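Read the structure below first, then the notes.
The values are calculated or read from the model by the stated rules, or taken from the named source; none is laboratory data. Note that this is a predicted model, so its numbers are computed, not measured. Methodologically, a virtual Cβ is constructed for each residue, glycine included, from the backbone with ideal geometry; neighbour enumeration extends over all protein chains shown.
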Amino acid sequence: MPDAYDVREVSSVASVIDISGDVNGDSEDVLMDAYARASRELVRTIILNFDGLEYMNSGGIGLLVTLLVRARRQGQSVLAYGLSDHYRQIFELTRLDEAVGIHDDEAQALATL
């Protein structure tokens, strides 16, 4: 697991969290710290970049649900890109795709802002 996920400001109203390595139950502090850094003033959209994802289990899915709930409480939307076909299917099975906008790449996600 990485020490921290990178956070990038991509517009005045959006931040990207670059996820690398694993997302599992042990990732809570790292993911929530990245979310806190991404949630600066005026941010209305959090974009999750899964290009560097190596592995995610049910604990990781649970953390994404927690992040989604926190974002919704702040009036933020959550988008994602870089999901492999396998993880796209998991998002569909868990219905996360109904709450998280799934895109092929960063440009496509940014075009929805």
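Of these, Arg88, Arg44, Arg70, which one is without any contact (Cβ under 8 Å) to a residue 24 or more places away in the chain and either surrounded by fewer than 18 Cβ atoms within 10 Å (Cβ to Cβ) or touching a Ser or Thr at 6+ places or on another chain (Cβ under 7 Å) (or both)?
That would be Arg88, the only listed residue that is without any contact (Cβ under 8 Å) to a residue 24 or more places away in the chain and either surrounded by fewer than 18 Cβ atoms within 10 Å (Cβ to Cβ) or touching a Ser or Thr at 6+ places or on another chain (Cβ under 7 Å) (or both).
Does Leu110 qualify as being surrounded by 16 or more Cβ atoms within 10 Å (Cβ to Cβ) and either modelled with pLDDT under 95 or within 16 Å of Ser20 (Cα to Cα) (or both)? No, not satisfied. Out of Leu67, Leu63, Leu53, I need the residue that is outside any helix (DSSP H, G or I) and of a type in the set (A, V, I, L, M). Which one? Unique residue meeting the criteria: Leu53.
Test Ile90 against the stated conditions and say whether it is more than 23 Å from Ala4 (Cα to Cα) and either small (Gly, Ala, Ser) or part of a helix (DSSP H, G or I) (or both). Answer is yes for this residue. The set of residues in the range 95-110 being of a type in the set (A, V, I, L, M) and either part of a strand (DSSP E or B) or out of contact with any helix residue (DSSP H, G or I) (no Cβ under 6 Å at 6 or more places or on another chain) (or both) consists of Leu96, Val100, Ile102, Ala107, Ala109, Leu110. Taking the range 10-42 as the range and being of a type in the set (A, V, I, L, M, F, W, C), over 15 Å from Val65 (Cα atoms) and in a strand (DSSP E or B) as the test, the residues that pass are Val10, Ala14, Val16, Ile17, Ile19.
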